[in-house]
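Each remark here refers to the structure printed beneath this line.
Read the figures in this text as sums done on the coordinates, not as results from a lab. Predicted, not measured: the structure shown is a model, and the values here were computed from it. Positions of Cβ are generated from backbone atoms using ideal geometry, with glycine treated the same way; all protein chains shown enter the neighbour counts.
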Amino acid sequence: MPKDLLRPHVEHFVYQKGELHVEDVSVREVARDVGTPFYIYSASAIRARVKLLVDAMASLDVQICYAMKANSNLSLLRILAGLGCGVDLVSGGELERAQAAGFPGARMVFSGVGKTHEEIVAALDAGVHQLNVESVEELVAIDEIAGALGKVATVVLRINPDVDAGTHPKITTGTRGNKFGISYQQAPEVYALASRLSHINLVGLAVHIGSQITDVTPFRKSFERVADLVKVLRAEGLTVERLDLGGGLGVAYSPEPRFDVDAYANAIRETLGDCGCALTMEPGRFIVAEAGALVTKVLYNKEADGETFTIVDAGMNDLMRPALYGATHPAWRIKEPTEQESAVPCHLVGPVCESSDTFGRFTSLPPLEKSDFVALGVAGAYGSTMSSTYNARPLVQEVLVEGNNYFLIRRKQTVADLLQYERVNTEGSI
Ligand code: LLP
């Protein structure tokens, strides 16, 4: 295949017999069987990513609590529960999903800046491992709710270490001036206050500085800040037993150098390795992003103002990251490019009525013809979970591959499904 043409750079996505396969399943055959668009995931790729992390962290004994906001399909969650992962969740809905997937409360971490009364009750009823608290008012609310239920809530304080993660502004969370965590300066005072509340069992700290961080340096800086804070708190006679290191580990959206997991593990070891705390981490994207793709079909090609638009049947409602963050997902034609073919510039767009409904301008795709299938790669994280039904487009189906088998793990939503929530008042004037 000519060198300038894009080919999959992620594990378990390979051309076999002239067609893209996920593990040993032909994507074209799935497309023929179930219709497009659909998300497709490799179970082996997910397992391999967990193993990569577990191996790197071996001597540190870190509990992985998968951030299920990245992808909360029950079948994927079950794989992760089976591998011994816990789960990081941020809503009552995610709590119910995690329970349905078989995660015990003891392996759940409940994060998020805006937990409602009902969500706090549900978390306490489920016996979650800990609630990660982000404000004084939230602390007080949890204390009151736990007291009313005759319970004690196990809590860690999420602090904002004021470290720039060097990532996209919309997904950075650990600098001054954003809504996340308790400010570094206020942390000792708030920690002391929390330790005095009678229905709060304060056990430690949490930190999360952002997402898609590709360099280990910001992580190291934030872990150093946490280590310093642990010393300050202990010097004041306060107990710190647990540290939650958050997520944020970056993935390869193009064939670029990989996130250095060993360097990340070393940064933990060197900054927090001897602090005597139980460690948890909350990776989401790292575990599922590269394991998934969105498969779509070319509807039309159209020339306009010297540009070729290739219109596909998936849109920004199915994969929102390009429209929302200007993110670029790699695109691979399902039919393997031949030696004779060369790249042709194309602007890959969806059918939604917005100019932001674009997957990007590609210069490394072979010619795409009507009815060709295309995969948008590295879409296993924040793809399906962020999709919407904009333009009355039902949520797409999801497929899980294991070896040479595949399973429909979410059926296509129908328009009838969408309409069932609505009522038309036929009696009055509205
Ligand atoms: N822990 C906390 C407290 C978080 O807020 C997040 C992500 C994670 C863990 C997991 O982060 P990860 O390991 O996946 O980077 N929709 C955006 C990403 C938003 C991330 C929000 N928080 C995107 O598509 O890039």
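Treat the count of other C-beta atoms within 10 Å as a stand-in for reagent exposure and order 216, 54 from fewest to most.
Result, fewest neighbours first: 54, 216.
Based on other C-beta atoms within 10 Å, arrange 386, 68 from fewest to most.
If I rank by nearby Cβ atoms, fewest first, I get 386, 68.
State log₁₀ I(q)/I(0) for the stretch 153-240 at q = 0.25 Å⁻¹ as given by the Debye formula over alpha-carbon point scatterers of equal weight, solvent excluded.
Taken in order of the listed q values, log10 I(q)/I(0) reads -1.20.
May I ask you to compute the full-extension gain from residue 328 to residue 144, defined as 0.36 nm times their residue separation minus their alpha-carbon distance, rounded to one decimal in nm?
61.7 nm
Counting only other residues whose beta carbon sits under 15 Å from that of residue 324, what net charge do I get with K and R as +1, D and E as -1? Could you put the intermediate results ahead of the total?
Values: positive: 69, 170, 285, 321; negative: 318, 354, 357.
In short, +1.
For the chain, the longest stretch holding no GluC sites (Glu not before Pro) located in a DSSP loop with at most 15 other Cβ atoms within 10 Å is which?
12-235
Tell me the angle of helix 187-196 to the major Cα principal axis of the chain, expressed in degrees between 0 and 90 and rounded to the nearest ten.
For 187-196 against the chain, the angle is about 60 degrees.
May I ask you to derive the FRET efficiency for residue 135 and residue 99 from their Cβ-Cβ distance with R0 = 30 Å, giving the value to the nearest 0.05? Intermediate values should be presented prior to the final figure.
Details: r = 26 Å, r/R0 = 0.88.
That pair, residue 135 with residue 99, gives E of 0.70.
Suppose R0 equals 45 Å; then what is the FRET efficiency for residue 307 and residue 170 from their Cβ-Cβ distance, rounded to the nearest 0.05? Provide the component values of the computation, followed by the final result.
Details: r = 27 Å, r/R0 = 0.61.
It comes to 0.95.
So what is Rg over Rh here for the stretch 1-155, counting just Cα atoms and using Kirkwood for Rh?
Rounded to two decimals, Rg/Rh equals 1.11.
I want to check the label-to-label distance for residue 235 and residue 270. Put each point 7 Å from Cα in the C-beta direction and report it in nm to one decimal.
According to this spin-label approximation, the distance is 2.3 nm.
Quick one: 3J(HN,Hα) in Hz for the stretch 404-419, Karplus 6.51/-1.76/1.60 with θ = phi - 60°, rounded, Gly and Pro as x.
9, 10, 9, 10, 7, 9, 8, 6, 5, 5, 10, 5, 4, 4, 5, 6
If you place +1 on the Cβ of every Lys and Arg, -1 on the Cβ of every Asp and Glu, and leave all else neutral, what size is the dipole of the chain about its Cα centre, to the nearest 20 Debye?
Once rounded to the nearest 20, the dipole reads 260 debye.
How about residue 151: which aspartates and glutamates have a C-alpha closer than 19 Å to its C-alpha, ignoring those fewer than 8 places off in the same chain?
Counting by Cα, and skipping residues close in sequence, residue 151 has these aspartates and glutamates nearby: 118, 119, 125, 137, 138, 143.
Going Cα to Cα from residue 335, which lysines come in below 17 Å? Please leave out same-chain ones fewer than 8 positions away.
3, 17, 297, 370
What do you get for chymotrypsin sites (Phe, Trp or Tyr not before Pro) in the stretch 321-427 restricted to DSSP loop and a cutoff of at most 12 other Cβ within 10 Å of the site's Cβ?
Within the stretch 321-427, the qualifying chymotrypsin sites (Phe, Trp or Tyr not before Pro) (loop, at most 12 other Cβ atoms within 10 Å) are 421.
Relative to the first principal axis of the alpha-carbon coordinates of the chain, what is the inclination of helix 117-126, with its axis defined by its Cα atoms, in degrees from 0 to 90 and to the nearest 10?
In the chain, helix 117-126 runs at an angle near 80 degrees to the longest axis.
Output wanted: per-residue J couplings in Hz (rounded whole) for the stretch 378-395, from phi through Karplus 6.51 cos²θ - 1.76 cosθ + 1.60, θ = phi - 60°, x for Gly and Pro.
Working through the residues one at a time gives 6, 10, x, 10, 6, x, 4, 5, 9, 6, 9, 9, 3, 6, 6, 9, x, 4 Hz.
Using 19 Å as the cut-off for backbone N distance, which residues of the stretch 187-215 belong to the label zone defined by a point 7 Å from the Cα of residue 61 along Cα→Cβ?
Only 203-205 fall inside the zone, counting backbone N under 19 Å.
If one puts a single equal scatterer on every Cα of the stretch 118-191 and applies the Debye formula without solvent, what log₁₀ I(q)/I(0) results at q = 0.13, 0.23, 0.25 Å⁻¹?
One equal scatterer on each Cα of the stretch 118-191 leads to -0.46, -0.98, -1.06.
Give me D for the stretch 295-407 in µm² s⁻¹, whole number, from Stokes-Einstein with Rh from the Kirkwood sum over alpha-carbon pairs, 10 °C and 1.306 mPa s.
For these conditions, the coefficient is 108 µm²/s.
Tally Lys and Arg at +1 and Asp and Glu at -1 over the other residues with C-beta under 9 Å from the C-beta of residue 299: what net charge comes out?
Numbers: positive: 297, 370; negative: 313.
Neighbourhood net charge equals +1.
With r as the distance between the Cβ atoms of residue 193 and residue 11 and R0 = 56 Å, compute the FRET efficiency 1/(1 + (r/R0)^6) and round to 0.05.
Working from the Cβ atoms, E equals 0.75.
Could you work out the percent of alpha carbon pairs in the chain separated by over 43 Å, rounded to a whole number?
18
Any idea how far apart residue 258 and residue 106 come out in nm if each label point goes 7 Å out from Cα toward Cβ?
3.3
Neighbour counts of other C-beta atoms within 10 Å: give me 9, 329 arranged from fewest to most.
Least to most surrounded, the residues fall as 9, 329.
Residue 228 to residue 51: extension gain in nm, 0.36 nm per residue of separation minus the Cα-Cα distance?
60.7 nm is the gain from fully extending residue 228 to residue 51.
Could you grab the relative contact order for the chain? Cα pairs under 8 Å, six or more apart, rounded to a whole percent. Mind showing how you got there, number by number?
Values: 935 pairs, mean separation 87.2, N = 430.
After rounding, I find 20 percent.
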